[in-house]
Every structure is written in structure tokens, then in C-alpha cells.
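Note sheet for the following structure.
The values are calculated or read from the model by the stated rules, or taken from the named source; none is laboratory data. Keep in mind it's a predicted model, so treat the numbers as computed, not measured. Neighbour counts are summed over all protein chains in view; Cβ atoms, including those assigned to glycine, are modelled from backbone coordinates with ideal geometry.
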Amino acid sequence: MLAIGAIVAAGDIWWAFCWANFNLLGYTAVIINTQALKFDSPFFRSFHPHVRLLSDLGSRMAATDMLVLNPTCEDRQSSTVQCPAIVSPRAKGKGRRGKKSPGNRSSCSNTEGNVPNHMRLRARRHTEGSDILKLPLLSGVVRVPRRRVGLLDAIRPANVETEKSRFMRANYNYNPLFFYNYPAAPTVLEKFSKPSDTYLDQAITIMENALKRFGTYENFEARTGGKRLTRGEIMTIVKRCFKREKLQSGEVIINLSDDLLSRASMTQSRGRPTLNINVNTSRQFWLEGVARHEIGTHYLRSYNNRLQPWHGGKGRRQYGLLSVNPTEEGLASLHSVLYRRHPFLWRAALLYYTAYRASQMSFSNLFKDLGRFVRDPYVRWDYVLRAKRGQVDTSLPGGFCKDQVYLEGALEILRYRKDIDFHKLMRMGKVSWQDLGRLQEHMQTDGTRIPSFMDNLDQYRKLLDYIVMANGLSDDQL
């Protein structure tokens, strides 16, 4: 009897150990037989030698928060894998009057009695036609529910810190293997996979001009960025910027974060505009530029856009509007450096260069290539990560080239800075500068806002002229 008890106890420990491993990875899985799931990925093998990832699933399984093993009755007849009853998150077991809810019954003639208690989970209820990715298992179907998230959230790797640590320990001779909680569709990634080299020479000129003056990127950052700011100092500066732009109390939420891939971003949180700021990259002389970028450009143009007849997807199609980028990000990039003593478009240039080179190199090789411009390995990591996000196997060439719009848009606006009506460009909302002429007679000006730094257009244009000169460019190079 003691021997039998020991065997039973060992079995329970094994189930608990497997379950802990999956929860550690951030997954919720229904697993009836440990042999039913085979894993074949270096990342998963590193967690436990007995856990191997089915190569057919690859990273897509790693990008999910729930796997529901639910083979059909026909599949179950030729398989030893048992099908658990799926329990609705709203009603578990019984309905309001103590009767079993029909919606909670499994389509197979299986009972919950075959499922260990600690393996019974609440599974999400799916309606017919829901966005579910079906992947083959040894038998049955793995259903991977896809949550709808923004593009930047979708391409943010879920294991950044783990892979970063491995990369640094390997002395930069390792190509990270990323997985994603809610991966972007391949068709979406394909749209941003073809980089341009149109402004490659200008990008290199801008960076070399900055290095000629400051010697290294680290010197450039220290002298032009100033000291790092505390959370309290960040809040004080940002609120001062809000007041300057006459924002109402509570109009925009401030969210300070330690794990943004960018310095800042504007998002919607529960329907309210939210300014997200990366605490780790906030510097004394750069933060007001960040506020001009996010609030003075993105937020105010978005605010004005809601007042225009072309607001929304249907309105944009009706008026045949061009894409808002590269104008949107180009204008914001110029506003980031507008009042700097040394208004180098360094970041926009390096993002452009990195995105282009990512299409030709692995993560490790790209990291080493950027050494000619940036020495600090952690700064280099951030730039390479931005270019390689969305990829699973970063040993392959390719990347996310959307970041090229910053320099492309900035140089386009500088080229036509004497012709563009910047007040209309702000008041019309999310439009390209090429659309200004034909939309002029349809625009609404009542209630629209322009940022305080555009009040004096003559001074504003002189600042743009200075940006061209400071970056070692000429009108012929734009």
C-alpha cells in the first residue's frame, strides 16, 4: 500500500510540475496526456528537457495564452487522447436553476471524470465564425484564439528580457528567438517588410555629421539630452507642457512605463487618450521635445481630425485621402528637435538605416554593424530590437521597416517647407501634406487647435531652416 501511495503521490507531483512549467511561460493549457503535445524549440527545451515543441506549431503556439485540446468524436476513436468538457467562463457546470447549461456540454460523449481536477480549466466561449487558428496536433485540433490588439502590441516580443540576457551573455553572438502573445497576421507584417534606400545616403550623412561634432553617440546623448529624470520630474515637465497647449484637466492620461520599446507613444486606454512615457529614456533636454512630438503633433492632429468630414475609414475613402504617413511621423520628428541647440535628426536617421540593414542581416550581424554609430550595447539592442520585432527567428534577414517613415517624412516636409501651409496641415487633422490643396474647401476650422510652437509661422520656418543646416544637408539633398 505504501508503494502504491508513493506512485500516486509522484504522479500528482509530475502533473503539478508540468502545470507550473506552462504557467511560468504564461500559458493556460488543457493537456490530458503529456505525450499529446510534442515540443521542438530550443527555447522550450531550455525550460525543461522533457518539453519539446511540435515543429509544425513553432512560435504560433508560443504566442497564445490558451490552448484547448478538443478533438472531434471521429478523431477520438483513433486516438488515446481524451477530450475534456469545455466549461464556459460565465457558467460553470450549472445554469441559473441548477440545470446543466446546454452550451457547456462537450460535443463528444466524454465526461469530466477523466480529467484530473487540477487540469480542469475555464475555456473561452467561441461563436461560430470567430477568428480561430487551427493547427494540427498528433490527433485532434489545437484551437488558438487570436485577440485583436494594436499592431505595436502585436509585434512586441513576450520574452524580450530573457533573450536580451542570453544575447549579452553570448557576447553578441546569438540570434534571439522571439515569441508573441498575440502575433500580427503575416499579411500585416508583409506590408512593412520592404524597406527603402531612397534616403540612405542622407541618413548616413546626418549620423556622420553628428559624430564629427560629438565624437560618439554617448557624448551626443550626454551633451544634448542632459541628465536622466525622476518620475516626479517627468510629471512636472509634462504637466507644464499640457498647460502650455491648453489641455483640460484629465483630457490626456499620463502613464509612466519602464518597458516601452519607444521613448513615448499616444494610445487609447478605455476610450481615453493616454500619453505613455518611457522612464528609462527620459532626459532633461529631450522630454519637452517628446511632448511636442506626442501631444503637439499626434494628439492635436487627432483631435482636429475628429472635427473634419473625412474622419473615420469611410470618410477617408470617400475623399480619397492618401496615407497619413510619412507626413504624420515626419512632422512629429521635426517637432521633437525643434527647439534644441543641436537639432540633429539622429534618431530618425538611425531608425531608417537600421530598418534597411535589417532586411539584409541577422540580429547578431546587425547589432555589430551598428557599432560604427553606437558603442553602448544596450542602446544598440534597443535599435536592433525595433527593427527585428515581429520576427520569430532573428537569424534570418528581414524586419519591421515602418520606422523609416520618421526620416522619410521629415525630409519631405523640409524639402517643401516653404510651400506647405502648416496651420492648415494641423487643423485638417490626419492628412498628408499632398492633400492640403484639394481638401481646403471642405475643411472645418471651428474648434480646431494648433500647437503653441506654431503660433508664429515665420519663426517656425526659421527653425526648420536651421534643422536643415545643422544636419549638414542642403535643399539639393532633400
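See the values below:
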{"quantity": "Close pairs from the stretch 439-454: first assigned by TED's automatic domain parsing to the domain that holds residue 338 and surrounded by fewer than 17 Cβ atoms within 10 Å (Cβ to Cβ), partner hydroxyl-bearing (Ser, Thr, Tyr) and at pLDDT 95 or above, Cβ under 7 Å, at least 6 apart", "calculated": "none"}
{"quantity": "Test for residue 205: is it in contact with a Gly (Cβ under 9 Å, 6 or more places away or on another chain), modelled with pLDDT of 95 or more, under 27 Å from residue 288 (Cβ atoms) and surrounded by fewer than 18 Cβ atoms within 10 Å (Cβ to Cβ)", "calculated": "yes"}
{"quantity": "Residue that is touching a helix residue (DSSP H, G or I) at 6+ places or on another chain (Cβ under 8 Å) and modelled with pLDDT under 95, where the choices are 409, 399", "calculated": "399"}
{"quantity": "Test: residue in the stretch 347-362 that is without any contact (Cβ under 8 Å) to a residue 40 or more places away in the chain and either farther than 24 Å from residue 155 by Cβ or charged (D, E, K, R) (or both)", "calculated": "yes"}
{"quantity": "Neighbours by Cβ (under 7 Å, 6+ apart or cross-chain): first from the stretch 307-322, touching a residue at least 40 places away in the same chain (Cβ under 8 Å); second of a type in the set (Lys, Arg)", "calculated": "310/316"}
{"quantity": "Tally of residues being closer than 13 Å to residue 152 by Cβ and either surrounded by 18 or more Cβ atoms within 10 Å (Cβ to Cβ) or aromatic (Phe, Trp, Tyr) (or both) across the stretch 264-273", "calculated": "2"}
{"quantity": "Only listed residue being without any contact (Cβ under 8 Å) to a residue 40 or more places away in the chain and assigned by TED's automatic domain parsing to the domain that holds residue 328, chosen from 463, 436", "calculated": "436"}
{"quantity": "Given (1) among the small types (Gly, Ala, Ser); (2) crowded, with 22+ Cβ neighbours inside 10 Å; (3) touching a Gly at 6+ places or on another chain (Cβ under 9 Å), number of the condition residue 302 does not satisfy", "calculated": "(2)"}
{"quantity": "Failed item in (1) touching a Ser or Thr at 6+ places or on another chain (Cβ under 7 Å); (2) exposed (fewer than 14 other Cβ atoms within 10 Å of the Cβ), with residue 229 passing the rest", "calculated": "(2)"}
